[in-house]
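Undergrad: This is the structure I have questions about; it appears just below.
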Amino acid sequence: MTLFLIFMAALVPVIAIVIHTLLTGSPPTPSSPKVQAKLMAMLPDALDGSVIYELGSGWGGLAVALSKRYPRCRVIGLERSHLPWLISRMRGALRRRHGGDLTFLRQDIFTTPLHEAGLVCCYLLSPTMEKLRPKFQHELPHGSRVACLNFAVPHWKPVQTQQATDLYATKIYLYRVPDSIPYR
Ligand SMILES: C[S@@+](CC[C@H](N)C(=O)[O-])C[C@H]1O[C@@H](n2cnc3c(N)ncnc32)[C@H](O)[C@@H]1O
């Protein structure tokens, strides 16, 4: 009986992750430290006063790295999947104890307004990026930036593209509004 309960306790979170992956189309695969380091090197030195959104923040690693890189900015991670979000909440609490302004919300990226964004980061699949494009075009303010890991914003022209030195040579795309939008 005890073994069965332990088995179920381990199985329920796994099933929850699988259900969320099927719903959102994206598994909670974390970006690697090498990819995060390359992204940080591509980003500008200052984004003071801006809000940074991590769309689909998973277990929270990238949002924590962003909060450390920009300690004066508000960083908001948005994640639908329960277990990764719970873990990221704990990481957020730890980061706040060291002075960071980092919040993780269990919220859908499509229902969250992005009008205050200075930077939006995403590691999401192509169909999600295609769905996000009109939202970005309507909501992102002039001068804001979008950084995408592996999956580009379709039809947008990056101001910078670089390849990380990880196993997959992950491409990172950096966009700037409105320069990257061919029509608006
Ligand atoms: C590949 S993971 C990226 C994790 C994190 N950004 C990182 O770099 O470590 C993508 C995450 O996006 C989340 N996601 C996908 N669609 C979403 C949506 N519509 N709203 C909120 N989260 C979403 C998934 O649950 C998944 O955890």
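Undergrad: When you scan region 139-158, how many residues do you find that are farther than 13 Å from Leu119 by Cβ and either in contact with a helix residue (DSSP H, G or I) (Cβ under 9 Å, 6 or more places away or on another chain) or open to solvent by 60 Å² or more (accessible area, probe 1.4 Å) (or both)?
TA: The number of residues fulfilling the criteria is 10.
Undergrad: When you scan region 137-175, how many residues do you find that are closer than 21 Å to Ser31 by Cβ and either within 18 Å of the chain's Cα centre (by Cα) or of a type outside the set (A, V, I, L, M) (or both)? Break it down into steps so the answer makes sense when it comes.
TA: Filtering region 137-175 down to residues closer than 21 Å to Ser31 by Cβ leaves 144-154, 156, 158-175.
Subsequent filtering for residues that are either within 18 Å of the chain's Cα centre (by Cα) or of a type outside the set (A, V, I, L, M) (or both) retains 144-154, 156, 158, 160-166, 168, 170-175.
Going through region 137-175 one residue at a time, the tally reaches 27.
Undergrad: Restricted to region 80-102, and to residues that are closer than 28 Å to Ser180 by Cβ and within 14 Å of the ligand (Cβ to nearest atom), which residue is least open to solvent (accessible area, probe 1.4 Å)? Before you say what the answer is, go through the steps one by one.
TA: Looking only at region 80-102, we keep the residues that are closer than 28 Å to Ser180 by Cβ, and these are 80, 101-102.
Going one step further and asking which of them are within 14 Å of the ligand (Cβ to nearest atom), we end up with 80, 102.
Numbers: Arg80: 74, Leu102: 0 Å².
Looking at residues that are closer than 28 Å to Ser180 by Cβ and within 14 Å of the ligand (Cβ to nearest atom), I get Leu102.
Undergrad: Among the residues of region 26-43, write down those that are touching a residue at least 60 places away in the same chain (Cβ under 8 Å), open to solvent by less than 30 Å² (accessible area, probe 1.4 Å) and not small (Gly, Ala, Ser).
TA: Listed by number, the residues that qualify are Val35, Leu39, Met42, Leu43.
Undergrad: Within region 116-128, can you find the residues that are within 16 Å of the ligand (Cβ to nearest atom) and either open to solvent by 10 Å² or more (accessible area, probe 1.4 Å) or at positive phi (or both)?
TA: Taking region 116-128 first, the residues within 16 Å of the ligand (Cβ to nearest atom) are 117, 119-128.
Scanning region 116-128 gives Tyr123, Leu124, Leu125, Ser126, Pro127, Thr128.
Undergrad: Just for region 12-25: of the residues that are β-branched (Val, Ile, Thr) and surrounded by 13 or more Cβ atoms within 10 Å (Cβ to Cβ), which one is farthest from Tyr173 (Cα to Cα)?
TA: Of everything passing the filter in region 12-25, Ile17 is farthest from Tyr173 (Cα to Cα).
Undergrad: Here is a further query. (1) on the phi < 0 side of the Ramachandran plot; (2) within 14 Å of the ligand (Cβ to nearest atom): which one isn't true of Gly60, the others all being true?
TA: So the condition that Gly60 fails would be (1).
Undergrad: Another one. Working carefully through the options Lys171, Lys131, find the one that is more than 18 Å from Met40 (Cβ to Cβ) and surrounded by 13 or more Cβ atoms within 10 Å (Cβ to Cβ). Break it down into steps so the answer makes sense when it comes.
TA: Working: Lys171 fails: more than 18 Å from Met40 (Cβ to Cβ).
Only one candidate qualifies: Lys131.
Undergrad: Identify all residues within region 13-42 that are near the ligand (Cβ under 10 Å from one of its atoms), among the aliphatic types (A, V, I, L, M) and within 16 Å of Gln162 (Cβ to Cβ); write none if there are none.
TA: Residues satisfying the conditions are Val35, Leu39.
Undergrad: Still on this structure, I have one more. Quick one: in region 65-79, of everything that is within 12 Å of the ligand (Cβ to nearest atom) and open to solvent by 20 Å² or more (accessible area, probe 1.4 Å), which residue is farthest from His115 (Cα to Cα)?
TA: Only one residue tops the list, namely Ala65.
Undergrad: Now a separate question. Please list, ordered by first then second residue, the pairs with beta carbon atoms under 7 Å, 6 or more apart or interchain, first in region 103-115 and aliphatic (A, V, I, L, M) and more than 8 Å from the ligand (Cβ to nearest atom), second part of a loop (DSSP other than H, G, I, E, B) and open to solvent by less than 40 Å² (accessible area, probe 1.4 Å).
TA: Close Cβ pairs satisfying both conditions: Leu114/Leu140.
Undergrad: Checking the conditions here, which among Leu22, Leu102, Leu5 is modelled with pLDDT of 95 or more and either assigned to a helix (DSSP H, G or I) or in contact with a strand residue (DSSP E or B) (Cβ under 6 Å, 6 or more places away or on another chain) (or both)?
TA: Working: Leu22 fails: modelled with pLDDT of 95 or more; Leu5 fails: modelled with pLDDT of 95 or more.
It is Leu102.
Undergrad: Being assigned to a loop (DSSP other than H, G, I, E, B) and more than 11 Å from Lys38 (Cα to Cα) is the filter here, so list the residues in region 152-168 that pass it. Show your work before the answer.
TA: Of all residues in region 152-168, those assigned to a loop (DSSP other than H, G, I, E, B) come to 152-159, 164-168.
Answer for region 152-168, where residues must be assigned to a loop (DSSP other than H, G, I, E, B) and more than 11 Å from Lys38 (Cα to Cα): Ala152, Val153, Pro154, His155, Trp156, Lys157, Pro158, Val159, Leu167, Tyr168.
The values are calculated or read from the model by the stated rules, or taken from the named source; none is laboratory data. Note that this is a predicted model, so its numbers are computed, not measured. In this analysis, Cβ positions are derived from the backbone assuming ideal geometry, glycine residues included, and neighbour counts consider all displayed protein chains. Please note that ligands, DNA and RNA were not included when accessible areas were found on the heavy atoms of the full protein model with its side chains. Shrake-Rupley method; radii C 1.70, N 1.55, O 1.52, S 1.80 Å.
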